[in-house]
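Please read the structure below before turning to the comments.
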């Protein structure tokens with residue numbers, strides 16, 4: 001048996017190398033699929049933020065080793081959190097039929113995780129800014145004064161955190177300005193302007209490119 | 001200069017001793033490796049065994065030093081729900097773990113500080129056990145918080161529990177929320193905020209739902225995670241089911257480390273045993 005293996009060792013080695021080569025080709029294809037899917041879905045998200053099944057490429061190799069090697073986890077977590085933020089504005093998650101409060105809670109969880117784990121300071125700052133937006137836009141039926149004060153204080157803390165992480169985060173600065181004016185509204189035109197922004201979605205970054213409220 | 005060695009004097013020199021140099025090194029390496037692995041496994045076993053089987057209640061996550069029960073006393077908690085509250089409280093007492101207790105409705109207050117003896121909770125159980133039945137309706141004794149009952153503000157209860165843990169300087173504390181989860185709409189924003197705070201402070205929350213609606217369960221699963229729920233039936237003991245749900249979790253780590261130790265010992269016997277003299281009659 002050993003002698004036979006020795007005689008055919010070249011053939012066995014070539015078969016093994018062919019197998020490895022095939023796996024590597026499939027792996028390269030999976031990497032390419034990831035690249036094209038992320039590029040395509042980033043554009044899709046800008047046009048249709050509530051589009052379903054974004055950033056989920058159909059890869060060939062089981063267990064998606066390409067994703068593990070490239071390290072897509074954190075980048076995808078940021079994108080999915082962004083989409084959840086948009087679901088909160090739509091009021092539901094079309095993929096799981098979650099209602100508005102559950103979507104808000106999920107979005108807040110994701111943003112809070114990202115503040116500590118996102119790969120770049122800009123993403124961590126954006127996550128803190130969006131968490132502040134989620135907090136300040138939480139519905140407070142009955143207008144409980146104590147609750148509103150607490151929420152504004154917490155939102156201001158998140159906006160300040162966003163600014164401290166990334167001092168060039170203009171959206172967070174503007175959102176902080178709005179919240180501070182709501183806490184202590186002025187009598188002039190600017191104070192009224194801040195009120196208009198709160199709750200009605202007319203504040204900074206409500207358009208596609210921004211991330212404020 | 002020749003250094004003194006432990007070699008026996010007068011022993012006959014082996015002609016092919018240099019040829020045994022490589023196998024001797026390999027054997028030494030295997031012996032050292034096995035000895036290090038055995039020592040490390042034994043130390044690991046000791047550490048794992050220290051925390052195993054200490055009777056921590058399954059309602060609190062593993063690694064929790066103590067917990068605070070946040071009990072919903074709003075007007076929606078009454079009648080048949082009381083029976084489940086009583087069972088839950090008894091279950092926590094049976095777990096023999098130090099606890100604290102806060103109650104909440106529209107507001108919250110602390111009844112027992114964290115690290116209170118579990119038996120202290122028994123004094124509250126009679127208020128949730130019916131004195132008698134009027135027809136099929138249970139009649140309960142007057143409780144001190146009858147006038148306190150009102151709407152449901154779960155955020156207030158969780159906040160009080162979190163403050164109680166902080167005040168008692170508990171480092172690895174947890175909160176057990178016992179509620180029907182029918183929270184006031186006005187409490188939504190504060191509840192979300194409190195959930196964020198608890199996560200930031202790394203305070204795990206477990207929930208015993210008291211006949212909660214699927215909608216409310218979904219919301220709380222989103223707030224505190226799907227695995228936050230404790231099935232209320234784990235507290236009950238029936239004639240057919242003897243599930244000791246309030247018990248220490250299975251010590252899987254301990255078992256695995258024990259198996260590893262056995263495997264290493266077997267390896268030691270296999271590779272480091274004395275050479276048998278084949279062909280020599282005993």
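Share of pairwise Cα-Cα distances greater than 22 Å in segment B:66-235 is 39 percent (whole percent).
Result for chain A in a Gaussian network model with C-alpha springs under 10 Å: among A:97, A:129, A:175, the largest mean-square fluctuation is at A:97.
When only C-alpha pairs under 8 Å and at least 6 residues apart count, what is the relative contact order of chain A, in percent?
Over chain A, the number comes to 13 percent.
With 10 Å bins beginning at zero, the pair-distance distribution over Cα atoms of segment A:90-172 amounts to 19, 42, 31, 7, 0 %. When the Gaussian network model of chain A links Cα atoms closer than 10 Å, the mean-square fluctuations of A:178, A:29, A:131 top out at A:29.
Only helices enter this figure: runs of n ≥ 4 DSSP H residues, each worth -39500 (n - 2.57), summed and divided by the residues of chain A, yield -23000 deg cm²/dmol at 222 nm to the nearest 500.
Taking every residue in B:205-218 and counting other chain Cβ atoms within 10 Å of its Cβ, the average works out to 1. Across all Cα atoms of segment A:1-102, the radius of gyration (one decimal) and Dmax (whole number) stand at 21.3, 71 Å. Sorting the segments A:21-27, B:60-66 by their residues' average number of neighbouring beta-carbon atoms within 10 angstrom, most packed first, yields B:60-66, A:21-27. Under a Gaussian network description of chain A, with springs only between Cα atoms under 10 Å, the residue in A:12, A:20, A:43 that fluctuates furthest is A:12. PRE reach from residue A:168 (point 7 Å along Cα→Cβ): which of segment A:101-127 fall under 20 Å by backbone N? Inside the label zone: A:118-127. Packing here is the average count of other Cβ atoms within 10 Å per residue, and on that basis the peptides B:251-261, B:200-210, highest first, run B:200-210, B:251-261.
The mean number of Cβ atoms from other chains found within 10 Å of a Cβ in peptide A:100-111 is 5, as a whole number. Computed as a quarter of the hull surface, the mean projected area of the alpha carbon convex hull for chain A stands at 16.3 nm².
All of the numbers you see were taken from the coordinates with simple rules; none came from a lab. Bear in mind that the values here come from a model prediction, so they are computed numbers and not experimental data. Methodologically, a virtual Cβ is constructed for each residue, glycine included, from the backbone with ideal geometry; neighbour enumeration extends over all protein chains shown.
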